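Chemist: Okay, handing you the structure first.
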Amino acid sequence: MLLGFVLLFAYGFIVWLVFFKLRWLKFSIAWGFFSTFFVLHLMIIFLIGLRYVTPTSTEARVIQHTIQLTPRLSEPTLVTAVLVEPNVHVKKGTPLFQFDRRIYEAKVRQLEAQLAQATQNVLIMKADIQVTSEKIIKLKSELDYASYQEKLSVNLAKRGAGPEEDAQKWGAQVAANSAAIKEAQAEEQRSRLKYQSEIGGVNTTVASIQAELDQARFYLDNTLMVAPEDGYIINLQVRPGMVSGDVRFGAIASFICDADRFVLAQFFQENLKYVKPGQPVELALDLYPGQIWSGRVKAVWQGSGAGQMLPSGMLPNFNAVPGETPQGQFAVAITLDDPDQAKFPIGTQGRAAIYTSTSSSFDVLRKVAIRSYTWYNWLYPFSL
C-alpha cells in the first residue's frame, strides 16, 4: 500500500511541478485524460489490497441455537399451566409448561397393578409345576396298582376263579392312567416352559409389562416440560386450555439458548483466499452505533446450497449463467470476544471485517471504513 501512496503522490507532485509551478507544458484535455487513467490504475492497488488482505462483509448476523419445544406425549393432552414468562431468562431444568397428568397417572397405576399380578403369576407357575409333578407321581402309583389288578384279574379269569369283566375293567383303567400320566406330563412341560420363558433373567411377561410401565412413566414425567438449557422463550403463545401432543412435529414454543452464540458473515468467494480460523475480526453492529466489537474467525463454511444436487430421477440441467449475475457467497462463522453474550440478541445484523495479516498497512484503511460505517448508523436510516 505504501508503494501505491508513493506513486500517487509522486505523480501528483510531478504534474504540479511541470504544469503549474514551472509551466514547462500546458495542461490539456489529453494530459487530463492520461492523468485520470494513470490514477485509476494506481487505485487498483488499494482495491485489491482491501479485498484480499482485509475482506469485508456487508451482511453479518448474530446466530443462536434454538430448540423447538415439542411435547413428547402419547396422545392429545391439555395444557394446565404456563410456568414461564416470555423474554425472562431461565436456568436449565426450570419448569416451563405443565400438562394434564391424570390420564398418564391412571396408565401408570394400571400397569403397576399388572406388573404386580405378573410377578405373582410367576410364583403361581412355579407352584403349578410342583403340583403337576406330584400329580404325575400319584398317577404313576395308580397305574402301578391298576397294572397289578389287571394282571391278577387276568390270571384269575384264566383259572376260572374270577370274572372276565374284572380283567377288562382293570385293563381299561391301566390305559386311562397311562393317558392321564401323559396329559399331566404335557401340563408340567407347558408350565415349565411358561415359568422358564425369560429374557435377561426376567420372565418375559414381567419384562413386557415392565417395559410398558417404563414408557408410561416416561410420558408421565414429560407432562412437566422443563428448560433444556439456560436461555429464554420469545413470542410465547401457549395458554392454559390449549391441547397439544397430538402432532409430534408441532412445536409449541421456541427456546433461545445462551451458549455457543456466534456471528455468521457472508463473503464473496474470491475474498476468502487468505482467510483462516483464528484471524482477528472487527464488527460494526447496527444495534450499537459508534461501537466496534472484536472477534475471531471460527470457521469458513466449506460449501453453499449452490453446489448441492438432490437425488432424483431427473438428469442435471446445466444452463449458462449471465456474467452480470452476482456470484454465490460463502459464510464465515465468527466468535465474539465480549464475555457478556447477552448484549447480542439473535438476528442482530451489521458488517464484519477480517484482518488476514497483522503487519499490513491496508488494515488502517479498513479500520477507517468500518468505523465510518458504525458512526454513520447514528443518522441512517433517517427517521424522526
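Chemist: Condition test on GLU59, is it in the same structural domain as GLU282 (by TED's automatic domain parsing) and farther than 30 Å from ALA216 by Cβ? Full working, then the answer.
Modeler: Numbers: in the same structural domain as GLU282 (by TED's automatic domain parsing): yes; farther than 30 Å from ALA216 by Cβ: yes.
So GLU59 passes the test.
Chemist: Look at ASP337 and say whether it is touching a Gly at 6+ places or on another chain (Cβ under 6 Å), touching a residue at least 24 places away in the same chain (Cβ under 8 Å) and in the same structural domain as TYR288 (by TED's automatic domain parsing).
Modeler: yes
Chemist: If you don't mind, there's one more thing I want to ask. Specify the residue that is surrounded by the fewest Cβ atoms within 10 Å (Cβ to Cβ); the eligible residues are those in the stretch 363-375 that are in contact (Cβ under 8 Å) with a residue 24 or more places away in the chain and under 16 Å from PRO289 (Cβ atoms).
Modeler: Filtering first and then ranking leaves TRP375.
Chemist: If you don't mind, there's one more thing I want to ask. Of the residues that sit in the stretch 244-277 and are surrounded by 13 or more Cβ atoms within 10 Å (Cβ to Cβ) and touching a Pro at 6+ places or on another chain (Cβ under 6 Å), which one is modelled with the highest pLDDT?
Modeler: PHE267
Chemist: Give all pairs with beta carbons closer than 9 Å in which a residue from the stretch 180-193 that is closer than 11 Å to LYS140 by Cα and in a helix (DSSP H, G or I) meets a residue that is of a type in the set (Gly, Ala, Ser) and modelled with pLDDT of 75 or more; count only pairs at least 6 apart in sequence or on separate chains.
Modeler: Pairs that qualify, where the first residue is closer than 11 Å to LYS140 by Cα and in a helix (DSSP H, G or I) and the partner is of a type in the set (Gly, Ala, Ser) and modelled with pLDDT of 75 or more, are ALA184/SER133.
Chemist: Just to be sure before I move on: is GLN237 surrounded by fewer than 18 Cβ atoms within 10 Å (Cβ to Cβ), over 30 Å from ARG101 (Cβ atoms) and at pLDDT below 95 in the structure I sent?
Modeler: no
Chemist: Within the stretch 304-340, can you find the residues that are small (Gly, Ala, Ser) and in contact with a strand residue (DSSP E or B) (Cβ under 8 Å, 6 or more places away or on another chain)?
Modeler: SER304, ALA331, ALA333
Chemist: Only one of these is closer than 30 Å to ALA353 by Cβ, of a type outside the set (Ser, Thr, Tyr) and surrounded by 18 or more Cβ atoms within 10 Å (Cβ to Cβ): VAL62, VAL90, VAL79. Name it.
Modeler: Answer to the check: VAL62.
Chemist: A further question on this structure: Across the stretch 94-128, what is the number of residues that are exposed (fewer than 13 other Cβ atoms within 10 Å of the Cβ) and under 18 Å from ASN222 (Cα atoms)?
Modeler: Looking only at that region, the number is 3.
The values are calculated or read from the model by the stated rules, or taken from the named source; none is laboratory data. Everything numeric in this text was worked out from a predicted model, so none of it was measured. Positions of Cβ are generated from backbone atoms using ideal geometry, with glycine treated the same way; all protein chains shown enter the neighbour counts.
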